[in-house]
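Below is a structure I'd like to ask you about.
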Amino acid sequence: MTTKFPIALSPEIVKAFRSQGFVVTPDVLTKEEVVQYGSAIDQAVAVRTASDTRAITDKSTYEQSFLQCMRLCETDPGVVGLTFHEGLAGIAAQLLGVPSVNLWQDQALFKEPGGRETTAHQDQPFWPIGQAPLISAWIPLNAVHEGNGAMAYVPGSHLVGPLKVVDITHTSEPFDILNDPALAGEPLRVVPVNPGSVIWHHGFTVHGAGANHSDSVRRAFTVVYLSADATRTKAWPTFPLDRAGVDVGDRIEGEGLPRLWPPLAARPAPPVQKGAGTGPQGL
Ligand SMILES: O=C(O)CCC(=O)C(=O)O
């Protein structure tokens with residue numbers, strides 16, 4: 001039996017995603033959901049970052065782009081409903097054109113006032129998952145525009161496939177992927193977005209975000225979905241795969257990697273060994 005999508009996409013939206021590698025879906029979350037999940041995420045980020053009193057100028061280049069708090073659904077019950085949101089997970093499956101998706105990771109990405117740009121990069125080459133279908137939901141918790149850290153994408157860049165990895169997490173001078181000849185000089189396109197809407201990008205879409213020139217935090221949450229038939233392609237250490245005992249060649253599933261679409265009858269208990277907290281770990 002097939003499960004009905006809570007939010008069925010128009011063919012135009014799916015077509016736009018497949019050709020551009022990103023798309024905005026309006027009216028995904030209600031105002032009430034944005035307030036409820038936004039406040040749960042704010043609390044979680046406050047707890048995770050409480051002991052970090054450094055000024056932004058004392059942080060690493062990567063940390064100056066955003067506060068990153070990963071796998072909040074493992075530690076914060078108030079966030080679980082967003083990570084397992086059936087409307088979102090159903091959209092992920094429709095855009096990828098796959099029957100089933102698992103969670104790869106969730107995270108808060110809060111760009112502080114004065115936060116630098118997020119260096120342009122592709123997500124998927126950070127992870128040992130080959131070319132498996134992967135998509136991110138970028139969920140704004142406040143209005144995001146050019147002045148406070150809007151996301152920006154190179155249209156069609158997902159079709160180019162994996163480019164040289166931009167190691168944004170460890171280097172203070174990341175190279176500019178936009179100069180890669182495969183992108184033919186195509187610039188980033190800035191995508192302002194309001195809460196309630198969600199921006200989606202493919203695992204190979206080249207993207208970044210602007211600096212935060214405003215005096216308030218740019219608050220966003222992301223959920224990353226991976227096709228349920230994906231397998232591990234490389235042995236390099238990767239937290240959720242090693243914790244779940246997924247070896248090279250195995251299907252990517254198990255602890256911390258639950259199925260999100262079609263929805264499970266009951267949500268699994270959170271892993272015993274909780275997810276990593278803040279810090280540079282790849283997007
Ligand atoms: O929020 C940001 O500034 C960057 C987000 C990002 O790179 C991602 O979600 O893959």
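The values are calculated or read from the model by the stated rules, or taken from the named source; none is laboratory data. Note that the structure is a prediction, hence the values are computed from the model and not measured. Here the Cβ is made from the backbone with ideal geometry for all residues, glycine too, and neighbour counts use every protein chain on show. The accessibility values were calculated without ligands, DNA or RNA, using every heavy atom of the protein model including side chains. Shrake-Rupley method; radii C 1.70, N 1.55, O 1.52, S 1.80 Å.
Could you identify the single residue in 206, 166 that is closer than 29 Å to residue 237 by Cα, within 13 Å of the ligand (Cβ to nearest atom), under 17 Å from the mean Cα position of the chain (by Cα) and without any contact (Cβ under 8 Å) to a residue 60 or more places away in the chain?
Step by step, each of 206, 166 is checked, and only 166 is closer than 29 Å to residue 237 by Cα, within 13 Å of the ligand (Cβ to nearest atom), under 17 Å from the mean Cα position of the chain (by Cα) and without any contact (Cβ under 8 Å) to a residue 60 or more places away in the chain.
Next question, about the same structure. Quick check: is even one residue across region 156-169 outside any loop (DSSP other than H, G, I, E, B) and surrounded by fewer than 20 Cβ atoms within 10 Å (Cβ to Cβ)? Walk me through how you get there before you give the answer.
Quick first cut of region 156-169, residues outside any loop (DSSP other than H, G, I, E, B) only: 157-160.
Narrowing the set further to residues that are surrounded by fewer than 20 Cβ atoms within 10 Å (Cβ to Cβ) leaves 159-160.
Scanning region 156-169 turns up at least one residue that is outside any loop (DSSP other than H, G, I, E, B) and surrounded by fewer than 20 Cβ atoms within 10 Å (Cβ to Cβ).
Now for a separate question. Output the residues belonging to region 218-240 that are more than 12 Å from the ligand (Cβ to nearest atom), within 18 Å of the chain's Cα centre (by Cα) and either on the phi > 0 side of the Ramachandran plot or hydrophobic (A, V, I, L, M, F, W, C) (or both).
226, 228, 230, 239
Can you tell which of 132, 55, 44 is at pLDDT 95 or above, of a type in the set (A, V, I, L, M), open to solvent by 10 Å² or more (accessible area, probe 1.4 Å) and more than 14 Å from the ligand (Cβ to nearest atom)?
Of 132, 55, 44, the one residue that is at pLDDT 95 or above, of a type in the set (A, V, I, L, M), open to solvent by 10 Å² or more (accessible area, probe 1.4 Å) and more than 14 Å from the ligand (Cβ to nearest atom) is 132.
Here is a follow-up. Return the residue satisfying two criteria in turn: it lies in region 205-216 and is part of a loop (DSSP other than H, G, I, E, B) and open to solvent by less than 10 Å² (accessible area, probe 1.4 Å), and of such residues it is farthest from residue 113 (Cα to Cα).
Looking at the filtered set, the residue picked out is 205.
Of all residues in region 188-221, which are over 15 Å from residue 23 (Cβ atoms) and of a type in the set (A, V, I, L, M)?
188, 206, 209, 211, 217, 220
For residue 215, are the conditions met, namely being over 26 Å from residue 78 (Cα atoms), of a type in the set (D, E, K, R), touching a residue at least 12 places away in the same chain (Cβ under 8 Å) and within 16 Å of the ligand (Cβ to nearest atom)?
On the way: over 26 Å from residue 78 (Cα atoms): yes; of a type in the set (D, E, K, R): yes; touching a residue at least 12 places away in the same chain (Cβ under 8 Å): yes; within 16 Å of the ligand (Cβ to nearest atom): no.
Judged against the criteria, residue 215 is not a match.
Considering only residues that are over 25 Å from residue 264 (Cβ atoms) and either open to solvent by 50 Å² or more (accessible area, probe 1.4 Å) or assigned to a helix (DSSP H, G or I) (or both), which ones fall in region 1-16?
11, 12, 13, 15, 16
In addition: Within region 98-124, which residues are open to solvent by 20 Å² or more (accessible area, probe 1.4 Å) and within 12 Å of the ligand (Cβ to nearest atom)?
Residues satisfying the conditions are 112, 116, 117.
Could we say that residue 168 is closer than 30 Å to residue 8 by Cα and of a type in the set (A, V, I, L, M, F, W, C) here?
No.
Let me ask another. Within the bounds of region 61-82, is there any residue that is within 16 Å of the ligand (Cβ to nearest atom) and surrounded by fewer than 19 Cβ atoms within 10 Å (Cβ to Cβ)?
yes
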